[in-house]
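Peer 1: After the C-alpha cells below, expect a handful of questions from me.
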Amino acid sequence: TSDACGLSDVAHVESLQEKSQCALEEYVRSQYPNQPTRFGKLLLRLPSLRTVSSSVIEQLFFVRLVGKTPI
C-alpha cells in the first residue's frame, strides 16, 4: 500500500497498484463475462485479506512448493 511508512517512492507504488488493479479487472472481465459484478466483489474482499497474517499466507500458498522452509 502506498501509505505504508518508510516508502521512498510512493508514486511508483501507486503506479504498480493501478497496473495490478487494471490487469485484474481485465482478467476477471475476460474470464467471467457473465458475472459483471465479480470484479467489484473482489475489490470489496481486499480489506478482509489484509487481516490474514503472512504466516497463514505462506502456509496456504507455498508449503506445497518449499515444504516447511520459512520464506
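Peer 1: Out of GLN35, GLN59, GLN21, I need the residue that is surrounded by 11 or more Cβ atoms within 10 Å (Cβ to Cβ) and within 14 Å of the chain's Cα centre (by Cα). Which one? Step through it out loud before you land on a result.
Peer 2: Numbers: GLN35 fails: within 14 Å of the chain's Cα centre (by Cα); GLN59 fails: within 14 Å of the chain's Cα centre (by Cα).
Result of the check over GLN35, GLN59, GLN21: GLN21.
Peer 1: Do the conditions hold for TYR27, that is, is it open to solvent by less than 80 Å² (accessible area, probe 1.4 Å) and at pLDDT 95 or above? So that I can check it myself, show each step before the final result.
Peer 2: Details: open to solvent by less than 80 Å² (accessible area, probe 1.4 Å): no; at pLDDT 95 or above: yes.
No: the conditions fail for TYR27.
Peer 1: In the range 19-49, how many are outside any loop (DSSP other than H, G, I, E, B) and of a type in the set (Phe, Trp, Tyr)? Walk me through how you get there before you give the answer.
Peer 2: Here is the first cut: in the range 19-49, the ones outside any loop (DSSP other than H, G, I, E, B) are 19-31, 38-49.
Now restrict to residues that are of a type in the set (Phe, Trp, Tyr): 27, 39.
Residues meeting the conditions: 2.
Peer 1: How do the pairs read when you match residues in the range 1-21 that are without any contact (Cβ under 8 Å) to a residue 60 or more places away in the chain with residues anywhere that are not in a helix (DSSP H, G or I), using Cβ under 7 Å and keeping only pairs 6 or more apart or on different chains?
Peer 2: Qualifying pairs under 7 Å: VAL10/SER2; VAL13/SER2; VAL13/LEU7; GLU14/SER2; GLN17/SER2.
Peer 1: Within the range 7-18, is even one residue small (Gly, Ala, Ser), open to solvent by 80 Å² or more (accessible area, probe 1.4 Å) and not in a helix (DSSP H, G or I)?
Peer 2: Restricting attention to the range 7-18, the residues satisfying the condition of being small (Gly, Ala, Ser) are 8, 11, 15.
Now drop any that are not open to solvent by 80 Å² or more (accessible area, probe 1.4 Å), which leaves 8.
Going one step further and asking which of them are not in a helix (DSSP H, G or I), we end up with 8.
Looking for residues that are small (Gly, Ala, Ser), open to solvent by 80 Å² or more (accessible area, probe 1.4 Å) and not in a helix (DSSP H, G or I), one finds at least one in the range 7-18, hence yes.
Peer 1: Going through the range 62-71 one residue at a time, which ones are surrounded by 10 or more Cβ atoms within 10 Å (Cβ to Cβ) and in a loop (DSSP other than H, G, I, E, B)? Quick ask: steps written out before the conclusion?
Peer 2: Filtering the range 62-71 for residues surrounded by 10 or more Cβ atoms within 10 Å (Cβ to Cβ) gives 62-63, 66, 71.
Listed by number, the list holds a single entry, ILE71.
Peer 1: Between a first residue in the range 46-67 that is closer than 20 Å to SER20 by Cβ and a second residue that is open to solvent by 100 Å² or more (accessible area, probe 1.4 Å) and among the charged types (D, E, K, R), which pairs have beta carbons less than 7 Å apart while being 6 or more apart in sequence or on different chains?
Peer 2: Every condition considered, no pair remains.
Peer 1: Which of (1) part of a loop (DSSP other than H, G, I, E, B); (2) loosely packed, with under 10 Cβ neighbours inside 10 Å; (3) of a type outside the set (S, T, N, Q); (4) under 14 Å from the mean Cα position of the chain (by Cα) is the odd one out, the single condition VAL52 does not satisfy?
Peer 2: So VAL52 meets the others, but not (2).
The values are calculated or read from the model by the stated rules, or taken from the named source; none is laboratory data. In this text, all values refer to a predicted model and were calculated from it rather than measured experimentally. Counting neighbours? That spans all protein chains shown, and the Cβs are built from the backbone with ideal geometry, glycine included. When the accessible area is computed, the model is the full protein with side chains, heavy atoms only, and any ligands, DNA or RNA have been set aside. Shrake-Rupley method; radii C 1.70, N 1.55, O 1.52, S 1.80 Å.
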